[in-house]
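Chemist: Before we start, here is the structure in question, set down as structure tokens.
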Ligand code: GLN
């Protein structure tokens, strides 16, 4: 039967609980256990699909088409376990389901309340669909003491009682700040946070404490004494040079051993951490470096492109080079006096990522033209592929009026809204003026690649499956015109209706994909498109 590990946060937000959960999962996996991670988000949005990437970072999409918190991306990158719809729940979704049941009369006249109805929903989410798991790690979003997270804390308190202490462990993450004026690390916020948690009925077993310098023994002992945990269970979590160094670091600090001890598991095998050592060796001992220009919209907040950033790093791991990312604001390229060339010339490759809306689109199209005409490796992802098609239509296919209907009425809708497509469940339909939430082409779809195409050589396969998240599609009716201009449609949906990949055979590396390959890249299994793109950037760096 699965054991449960609950991770709560204290003192401040942004402690990196997602990475902590992912790293612990990786360590347990390295000992041969079967692990899964779930995220409980206390906000009232049904899912993060409609939230601004500026506020909440990227929306991570699963194979089964859920729009989820970006922490699920960390989970998948660190464990290789594909995240599912059932791994992320929000207060919004719980209330939506409860209210739907109440309207149907399912509660048979009962008064519907936070306890037990909301807490029961949370508990059934946590305990559903566990299969033969050894450990389920549950990360509770937010910070203990938040009003929104109270029902979640209450639900895990009940769960600890329902399924027995022996099968649950509670890890509380805190911050130990250094006060420069006093020259001291302060344990009081941790003490207070643990007191808050115990007042809600949960005594943590392990404290994972973010701290910016080594934690002296005295402070460790003090925290243990005041917080009622073993001294060895106060684990210092120092800042790491790379997120991929975190699992090894936590192992050295004894996190996985303490977790097993808290469960009373004494016969677990030692972890095999070779894969993580190999990743760090490649990351920290590069044989060169490349600079990639990412021309996007949300360049101010890197969490908005989290998976993309990581996939580029993975491409670097595959080629043993350091990848420097230059975030370039597409809008800047739109000013009449803007000089695009001086900014793009130092780049060894150019990437136009996914995005929504018209802002910056002309700057992105100009960057595609630069990459095409200067023969710089170019990678267009989702909106980036759409921009590559519009650029091709305007400048190589004699369609100067080409645009996307996402940006308004256009005479040549090379990219247009799609209201019908085939999914695994059959025909999907959307109304042009329907809801914004959960109404895109979402999740894994297959594509068939041309046998002689560049992408088939990169994938080593002609049938692929990748994750989608978009409303608009390149219009297949423009295929012949665009191909005459040199932009080949090398990947199509199995029914031939939806263009999935375009490429330019007369260019060193020019690929546009309608899907998001970055979502499936892992440090120990870099995505082939990113590995190949960085390889092309390395070649380019030798030319300039
Ligand atoms: N805005 C475009 C669409 O909806 C592209 C979306 C994306 O890049 N994820 O089709």
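Each value in this text was obtained by applying a stated rule to the coordinates, not by laboratory testing. These figures come from a predicted structure and were not determined experimentally. Neighbour counts are summed over all protein chains in view; Cβ atoms, including those assigned to glycine, are modelled from backbone coordinates with ideal geometry.
Chemist: Starting from the Cα gyration tensor of the range 448-524, take the square roots of the eigenvalues, sort them a ≥ b ≥ c, and report rounded, prolate or oblate (rounded when a/c is under 1.5, otherwise prolate if a/b is larger than b/c, else oblate).
Modeler: oblate
Chemist: Once fully extended, how much extra length lies between residue 275 and residue 373, figured as 0.36 nm per residue of separation less the alpha-carbon to alpha-carbon distance? Each step should come with its number before you reach the end.
Modeler: Values: separation 98, 0.36 × 98 = 35.28 nm, distance 4.05 nm.
Extra length from residue 275 to residue 373 when fully extended: 31.2 nm.
Chemist: When you count, for each residue, the other Cβ atoms within 10 Å and take the mean per peptide, how do 10-20, 127-137, 176-186 rank with the highest first? Before the final figure, lay out the partial values.
Modeler: On the way: 10-20: 19.2, 127-137: 15.5, 176-186: 12.3.
Final packing ranking: 10-20, 127-137, 176-186.
Chemist: If the chain between residue 44 and residue 12 were fully stretched, how many nm would it gain, using 0.36 nm times the residue separation less the Cα-Cα distance?
Modeler: Values: separation 32, 0.36 × 32 = 11.52 nm, distance 2.03 nm.
This chain segment gains 9.5 nm when fully extended.
Chemist: Over the chain, one equal point on each Cα, no solvent: what is log10 I(q)/I(0) by the Debye formula at q = 0.12, 0.13 Å⁻¹?
Modeler: Computed log10 I(q)/I(0) values: -1.16, -1.29.
Chemist: Taking 0.36 nm per residue of separation and subtracting the Cα-Cα distance, what length does fully extending residue 477 through residue 359 add? Spell out each step's value before the answer.
Modeler: Details: separation 118, 0.36 × 118 = 42.48 nm, distance 2.60 nm.
Going from the current span to full extension adds 39.9 nm.
Chemist: Separate question: Roughly what % of Cα-Cα distances in the range 1-79 sit above 16 Å, to the whole percent?
Modeler: Values: 1735 of 3081 pairs.
Counting pairs separated by more than 16 Å, the tail of P(r) holds 56 percent.
Chemist: Gap in Å between the Cα centre of the range 439-507 and the Cα centre of the range 246-300?
Modeler: 34 Å
Chemist: Which order do peptides 67-74, 533-540, 520-527 fall in by mean Cβ count within 10 Å, highest first?
Modeler: Details: 67-74: 25.1, 533-540: 22.5, 520-527: 20.4.
Result, highest mean Cβ count within 10 Å first: 67-74, 533-540, 520-527.
Chemist: Output the peptides 163-174, 371-382 sorted from most to least packed, where packing is the average of other Cβ atoms within 10 Å over each peptide's residues.
Modeler: Ranked from most to least packed, the peptides come out as 371-382, 163-174.
Chemist: At q = 0.12 Å⁻¹, what base-10 log of I(q)/I(0) does the Debye formula yield for the range 134-213 when every alpha carbon is treated as an equal point scatterer in vacuo?
Modeler: Calculated log10 I(q)/I(0) at the listed q: -0.40.
Chemist: Rounded to the nearest 500 deg cm²/dmol, what is the calculated helix-only ellipticity per residue at 222 nm for the chain, with -39500 (n - 2.57) per DSSP H run of length n ≥ 4?
Modeler: Value at 222 nm, helices only: -10500 deg cm²/dmol.
Chemist: Quote the FRET efficiency, to the nearest 0.05, computed for residue 112 versus residue 147 with a Förster distance R0 of 25 Å and r equal to the Cβ-Cβ distance.
Modeler: Numbers: r = 19 Å, r/R0 = 0.76.
So the FRET efficiency works out to roughly 0.85.
Chemist: Against the longest principal axis of the chain, how steep is helix 217-227, in degrees 0 to 90 to the nearest 10, with axes from Cα atoms?
Modeler: 70 degrees
Chemist: If you don't mind, another one. Note the angle between two axes, namely the Cα long axis of helix 188-199 and the longest principal axis of the Cα atoms of the chain, as a number of degrees from 0 to 90, rounded to the nearest 10.
Modeler: Value to nearest ten degrees: 80.
Chemist: Now a separate question. Can you give the convex hull volume per residue for the Cα atoms of the range 249-346, as a whole number of Å³? Walk me through the numbers on the way to the answer.
Modeler: On the way: hull volume 12.3 nm³, N = 98.
It is 125 Å³ per residue.
Chemist: Residue 407 to residue 99: FRET efficiency via 1/(1 + (r/R0)^6), r the Cβ-Cβ distance, R0 35 Å, to the nearest 0.05? Before the final figure, lay out the partial values.
Modeler: Values: r = 37 Å, r/R0 = 1.05.
About 0.45, to the nearest 0.05.
Chemist: Another one. Over all directions, how big on average is the projection of the convex hull of the alpha-carbon atoms in the range 335-415, in square nanometres? Can you show the working numbers first?
Modeler: Values: hull surface 21.0 nm².
Across all orientations, the range 335-415 yields a mean hull projection of 5.2 nm².
Chemist: Quick one: helix 17-30 against the long Cα principal axis of the chain, what's the angle to the nearest 10°, folded into 0 to 90?
Modeler: 80 degrees
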